[in-house]
Amino acid sequence: MMEVLNTVQQMKLWSRNRRQAGKTIGFVPTMGYLHEGHLSLMRQAREQNDFLVTSIFVNPTQFGRNEDLDSYPKAPEADSRKCEECGVDALFMPRNEDMYRPNFQTYVEVEKVSGPLCGASRPGHFRGVATVVLKLFNIVQASSAYFGEKDYQQLQVIKTMARDLDLPVSIVPCSTVRDSDGLAMSSRNSYLSSEERKQAVCLHQALETAEELFRSGEAEPDNYLKAMSDRIGKEPLAEIDYVELVHPQTLQRLANVDALGALAVMAVRIGKTRLIDNKVLGSGFID
Ligand code: AMP
């Protein structure tokens, strides 16, 4: 039977007992409104650990003032059912006031890797992410934590934090799960109208275009950026936030593309909904 834990104290005690008994805990942090992307992380964590913990917490400190904190989609009952079906042992759903108690004033800054891309478009976002993930790690005391490559920069920020601060948890990257037309699954896809949903396929198609250029041996980053932007520009409801070709670890712009590869990465607004996607081209950089 899955246990639902709503306080930090309950969660800490649940995990402490199991860790002291020498058991491993796999952890999948989420913001809820669960889809197959989330479930694939849970299934992997379920297979690789004695216990599986999932958290659902829409973390206010990673949202900017004009972002969708208040309208972020919620489906607590459906989420709870999906967790149970995936074999979750403990579902942690803390309250805001328990995570951010009065006089809260400590934040984690992961410097360089948080700077470009979404860090530039969403100031303070990764500070909020790193802070809440470190808190969740301390509460859940996981042996391994599972993160999707769909949020590629987030994964790099968390890997960097774990290494720099010697966190006793392994960070496990998991591949992006897509709908049949290639759109990366996201809770935010639920904001899309049916016309927007059709046009949203341009993100994945732009990445496929970049992949074809890479296979043809193209070395000039500008040619990738032009091809990707042109594909996105075909959709009247699409507006580019950024499209970049960067080093897969540092996330710095590349001067030229060689056989080692690159990360093609983008954020695009479809109507009012901001979507992100990425693809690693080549495999020379994979650690
Ligand atoms: P979120 O609820 O959006 O904060 O996502 C929680 C976790 O699920 C993060 O590690 C995400 O990277 C991961 N995730 C979200 N969408 C996908 C997807 N389509 N494929 C794989 N992982 C995903």
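The values are calculated or read from the model by the stated rules, or taken from the named source; none is laboratory data. These numbers come from a predicted model, not from an experiment. Note that we place each Cβ from the backbone using ideal geometry, even for glycine, and neighbour counts take in every protein chain shown. These accessible areas exclude ligands, DNA and RNA; they are computed on the full protein's heavy atoms, side chains included. Shrake-Rupley method; radii C 1.70, N 1.55, O 1.52, S 1.80 Å.
Is it the case, given these coordinates, that ASP258 is open to solvent by 20 Å² or more (accessible area, probe 1.4 Å), free of Cβ contacts under 8 Å to residues at least 24 places away in the same chain and among the acidic types (Asp, Glu)? Quick ask: steps written out before the conclusion?
On the way: open to solvent by 20 Å² or more (accessible area, probe 1.4 Å): yes; free of Cβ contacts under 8 Å to residues at least 24 places away in the same chain: no; among the acidic types (Asp, Glu): yes.
Answer is no for this residue.
What are the residue pairs meeting all of these: first residue in the range 82-107, first residue touching a residue at least 60 places away in the same chain (Cβ under 8 Å), second residue among the β-branched types (Val, Ile, Thr) and part of a loop (DSSP other than H, G, I, E, B), Cβ atoms under 9 Å, and 6 or more apart or on different chains?
From residues that are touching a residue at least 60 places away in the same chain (Cβ under 8 Å), the pairs are PRO94/THR7; ARG95/THR7; ASP98/THR7.
For residues in the range 174-200 being part of a loop (DSSP other than H, G, I, E, B) and among the hydroxyl-bearing types (Ser, Thr, Tyr), which is farthest from the ligand (Cβ to nearest atom)? Break it down into steps so the answer makes sense when it comes.
Taking the range 174-200 first, the residues part of a loop (DSSP other than H, G, I, E, B) are 175-177, 179-183, 185-186, 192-193, 200.
Next, only the ones that are among the hydroxyl-bearing types (Ser, Thr, Tyr) stay: 175-176, 180, 186, 193.
On the way: SER175: 7, THR176: 4, SER180: 13, SER186: 5, SER193: 20 Å.
Looking at residues that are part of a loop (DSSP other than H, G, I, E, B) and among the hydroxyl-bearing types (Ser, Thr, Tyr), I get SER193.
Can you go through GLN205, GLN249 and tell me which one is part of a loop (DSSP other than H, G, I, E, B) and either open to solvent by less than 10 Å² (accessible area, probe 1.4 Å) or polar (S, T, N, Q) (or both)?
Working: GLN205 fails: part of a loop (DSSP other than H, G, I, E, B).
After applying the criteria, what remains is GLN249.
Looking only at the range 176-191, which residues are touching a residue at least 60 places away in the same chain (Cβ under 8 Å) and open to solvent by 20 Å² or more (accessible area, probe 1.4 Å)?
THR176, VAL177, MET185, SER186, ARG188, ASN189, SER190, TYR191 - these are the residues of the range 176-191 that are touching a residue at least 60 places away in the same chain (Cβ under 8 Å) and open to solvent by 20 Å² or more (accessible area, probe 1.4 Å).
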